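Taking it in order: structure first as structure tokens, then the write-up.
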Amino acid sequence: MEVGMDNLKWDDQGLIPAIVQDAVSGRVLMLAYMNREALQRSLESGETWFFSRSRGRLWHKGEQSGHVQKIEEIQTDCDRDTLLVRVRQQGAGACHEGYISCFHYVVELEEQAVRIRLDETAPQTFDPGTVYSEQGAQSKSPAAESMER
């Protein structure tokens with residue numbers, strides 16, 4: 001079956017979640033959202049583009065850090081409402097906090113509570129203060145904002 005953009009299930013804002021996975025290790029690197037234009041640019045450029053929900057604009061992964069993602073393959077799930085983007089991560093990592101993966105916090109379920117802690121086995125691979133310092137303390141990159149959602 002051939003699946004075109006019109007066959008994907010976009011949400012009511014015209015977005016589709018994109019899980020980004022390292023093509024070599026299989027590790028999940030991040031979750032972001034694409035609109036049609038972001039998906040089209042990703043397909044044309046071979047690098048990931050996303051849509052920032054908070055800023056309402058497209059952003060190219062690595063536009064500030066240089067940590068771009070080279071696309072190896074894009075898949076969709078059986079419901080066609082989520083994308084899996086398999087990439088070769090360039091640079092020190094995908095996360096704006098300085099880690100390889102944005103998934104470096106562990107959610108622990110305790111009686112009547114949920115506790116979130118940093119996974120101490122996840123090494124920080126770059127200093128986000130240095131990489132994103134030109135933005136200043138007042139503003140964050142679209143990538144940083146996307147990771148916070």
Computed E for residue 130/residue 12 - FRET, C-beta separation, R0 30 angstrom, nearest 0.05: 0.15
Förster radius 41 Å - calculated FRET efficiency between residue 110 and residue 88, Cβ distance, rounded to 0.05: 0.60
Among 27-34, 120-127, 54-61, 80-87, the order from most to least packed when residues are scored by Cβ within 10 Å on average: 27-34, 80-87, 54-61, 120-127
Free-standing Cys, the chain [no other Cys Cβ under 4.7 Å]: 78
Inter-label distance for residue 53 and residue 117, nm, one decimal - labels placed 7 Å from Cα along Cα-to-Cβ: 2.9 nm
Crossing angle, helix 36-45 versus the chain [Cα axis fit, 0-90 degrees, rounded to tens]: 90 degrees
Centre separation in Å (Cα based) which lies between the stretch 10-89 and the stretch 92-120: 21 Å
Cα gyration tensor category, rounded, prolate or oblate, for the stretch 5-132 with a/c compared to 1.5: oblate
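Taken together, the values in this text are just the output of simple stated rules run on the coordinates, not laboratory data. Everything numeric in this text was worked out from a predicted model, so none of it was measured. As a convention, Cβ positions derive from the backbone with ideal geometry for all residues, glycine included, and neighbour counts pool all protein chains shown.
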